[in-house]
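Derivation of every value follows stated rules applied to the coordinates shown; laboratory data play no part. Since the model is a prediction, treat every value here as computed from it, not as a measurement. All Cβ positions, even for glycine, are placed from backbone atoms using ideal geometry, and neighbour counts span all protein chains on display.
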Amino acid sequence: MKAAAPFPASGFEPEFVAALKDIFERQIAFNRVLGLQITKIAPEGVCAQIAMKPELIGHFGHQRIHGGVISAGLDAMGGLAIMAAIGARHMDEAPLQRLQRFGKLGTIDLRVDYLRPGIGEQFELRAEVLRLGSRVASTRMEFLDAGGMLLSTGAAAYIVS
C-alpha cells in the first residue's frame with residue numbers, strides 16, 4: 001500500500017469527511033475504546049492510528065498490544081475503506097445522502113495474520129478495497145508499528161447491500 005498522504009487531501013467534501021470521522025471515531029463506541037483516530041480518508045484507501053494504552057495490553061510481561069485489538073482495528077479499517085469507496089462511487093449524491101448507504105455494511109469474513117509482536121507506543125493501520133461489488137466488497141489491511149514495520153495483515157469480505 002502507498003504511504004499516507006497528508007489528511008484530509010482526499011477528493012471528498014469537508015462535510016463528508018467530517019461526518020465520516022464523527023461516525024467512525026465518536027459514534028462507534030468500540031472504536032472509541034480502541035482509540036482509533038483517522039489520519040486519511042481517500043477513495044483509494046484509508047489510514048488511522050492507535051496509541052498504546054494500558055487497556056490494550058495483551059501480554060503484561062512484554063507490554064504487547066492484544067491480538068484482539070489488532071483484529072478489531074483491521075476489521076474497522078476494512079469497513080472504513082469500503083465507506084470511502086462507496087462514497088467515491090456516488091459522488092453525484094449529496095454528502096449526507098451517501099452516508100446513509102452504510103447502514104447495511106457488515107463483516108462476512110475476516111482473516112488476520114500476526115507477523116510480529118505488537119510492541120510500541122503508536123500503531124498505524126491502513127486499508128484498501130480490492131473489489132467493490134453491488135453486494136460484497138473485499139479489502140486488504142495492514143497493521144504497522146510507528147517505524148513502518150509490518151506487524152499484521154488482514155483480508156476481509158463485507159456485505160454492502
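Points to keep in mind about this one:
- If the chain linking GLN122 and GLU44 were pulled fully straight, counting 0.36 nm for each residue of separation and taking away their Cα-Cα distance, it would gain 25.7 nm.
- Based on DSSP H segments of at least four residues, each scored -39500 (n - 2.57), the chain has a per-residue ellipticity at 222 nm of -8000 deg cm²/dmol.
- Inter-label distance for GLN27 and ILE159, nm, one decimal - labels placed 7 Å from Cα along Cα-to-Cβ: 2.0 nm
- Taking a straight line from the alpha carbon of LYS53, these aspartates and glutamates sit under 14 Å away, with near neighbours fewer than eight places off in the same chain left out: GLU121.
- If you look at the Cα atoms of the chain, you get an Rg and a Dmax of 15.1, 52 Å.
- Our coupling estimate for segment 88-100, obtained by passing each phi through the Karplus curve with A = 6.51, B = -1.76, C = 1.60 and θ = phi - 60°, is 5, 5, 10, 5, 6, 9, 5, x, 5, 5, 5, 5, 5 Hz, Gly and Pro reported as x.
- Those aspartates and glutamates that a straight Cα-Cα span of less than 13 Å connects to LYS21, excepting residues fewer than 8 apart in one chain: GLU13
- Residues whose placed amide H lies under 5 Å from that of LEU36, excluding near-sequence neighbours: none
- Computed over segment 31-109, Kirkwood Rh from alpha-carbon pairs, angstrom: 14.1 Å
- Applying 0.36 nm per residue to the separation of ALA94 and ARG135 and subtracting their alpha-carbon distance, the gain on full extension is 12.6 nm.
- When its C-alpha radius of gyration is set against 2.2 N^0.38 Å (N residues), segment 96-161 gives a value of 1.32.
- Per residue, the average separation of C-alpha pairs within less than 8 Å and at least 6 apart gives the chain a relative contact order of 23 percent.
- Segment 128-154 and segment 16-35: distance between their alpha carbon centers, rounded to Å: 18 Å
- Calculated FRET efficiency for the pair ILE57/ARG101, C-beta based, R₀ 30 Å, to 0.05: 0.25
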